[in-house]
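*Asks:* Just dropping this structure here.
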Amino acid sequence: MKMEKDNKEREEIKKEEEKEKEEEGGEIKKISDELRVNLKRLVMYAGASGDFNEIHYNFDAAKKAGFSRPIVHGMLSFALCVKHLMEKKNITPDKIKKIRAKFLAPVELEEKIHFEIDKNDEKNFKVFLIKENREKAVECEVEIK
């Protein structure tokens, strides 16, 4: 049952991509495989960053703050965007000249996310972290040397 739902969601995304291509007359944006950030990853990031705010790992604290479950650290979301771009476009850290991020919406624990990459020109990319409801959560602008 769950697999059927996931397949249906993938088909809907593919249809949306095709529609965008027809409307824009351009190239389809690259949509990555889905990813979920689990509690282990949040706790590991908290240890590495020193950000132990309970809304990132404690369900009660997250609910008290208005979320249905713990939320992913903003900087972890940002790092995932940059990592995705580096992997997909074979970019090494020394080639990155400038990075800028806008945090548009929180990402909750285990929420399905994926990334979209837009290429403005040979040296400028935009990477979006997209939530399962198609809402943009993070927008990163990356300039390459």
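*Asks:* Filter segment 76-93 for residues that are among the aliphatic types (A, V, I, L, M) and touching a Phe, Trp or Tyr at 6+ places or on another chain (Cβ under 8 Å); which is farthest from LYS40 (Cα to Cα)? First the steps, then the outcome.
*Replies:* First, the residues of segment 76-93 that are among the aliphatic types (A, V, I, L, M): 76, 79-80, 82, 85-86, 91.
So of that shortlist, the ones also touching a Phe, Trp or Tyr at 6+ places or on another chain (Cβ under 8 Å) come out as 76, 80, 85.
On the way: LEU76: 13, LEU80: 15, LEU85: 23 Å.
So, considering only residues that are among the aliphatic types (A, V, I, L, M) and touching a Phe, Trp or Tyr at 6+ places or on another chain (Cβ under 8 Å), the one farthest from LYS40 (Cα to Cα) is LEU85.
*Asks:* Would you check which residues across segment 94-125 are part of a strand (DSSP E or B), farther than 28 Å from VAL43 by Cα and without any contact (Cβ under 8 Å) to a residue 40 or more places away in the chain and list them?
*Replies:* LYS119, ASN120, ASP121, ASN124
*Asks:* For residues in segment 37-81 being within 19 Å of LYS112 (Cα to Cα) and basic (Lys, Arg), which is nearest to the chain's Cα centre (by Cα)?
*Replies:* ARG41
*Asks:* Turning to a different aspect of this structure: Conditions: (1) under 15 Å from the mean Cα position of the chain (by Cα); (2) in contact (Cβ under 8 Å) with a residue 12 or more places away in the chain; (3) surrounded by 14 or more Cβ atoms within 10 Å (Cβ to Cβ). MET86 meets all but one. Number of the miss?
*Replies:* Condition not satisfied by MET86: (2).
*Asks:* Given the options PHE103, PHE128, name the one that is touching a Gly at 6+ places or on another chain (Cβ under 8 Å) and either among the polar types (S, T, N, Q) or closer than 15 Å to LEU76 by Cα (or both). Full working, then the answer.
*Replies:* On the way: PHE128 fails: touching a Gly at 6+ places or on another chain (Cβ under 8 Å).
The match here is PHE103.
*Asks:* Considering every residue within segment 25-41, establish whether at least one is under 19 Å from LYS136 (Cα atoms), in a helix (DSSP H, G or I), at pLDDT below 95 and of a type in the set (Asp, Glu).
*Replies:* Going residue by residue through segment 25-41, those that are under 19 Å from LYS136 (Cα atoms) are 28-37.
Within this subset, residues satisfying the condition of being in a helix (DSSP H, G or I) are none.
The answer is no, given that none of the residues of segment 25-41 is under 19 Å from LYS136 (Cα atoms), in a helix (DSSP H, G or I), at pLDDT below 95 and of a type in the set (Asp, Glu).
*Asks:* Here's a follow-up. Give me the pairs: first residue in segment 54-83 and within 30 Å of ILE96 (Cβ to Cβ), second residue hydroxyl-bearing (Ser, Thr, Tyr), beta-carbon distance under 6 Å, and six or more apart or on different chains, which are they?
*Replies:* Correct list of pairs: PRO70/TYR57; HIS73/TYR45; LEU76/TYR45.
The values are calculated or read from the model by the stated rules, or taken from the named source; none is laboratory data. No experiment lies behind these values; they were computed from the predicted model shown. Virtual Cβ from ideal backbone geometry, glycine too; neighbours counted across all protein chains shown.
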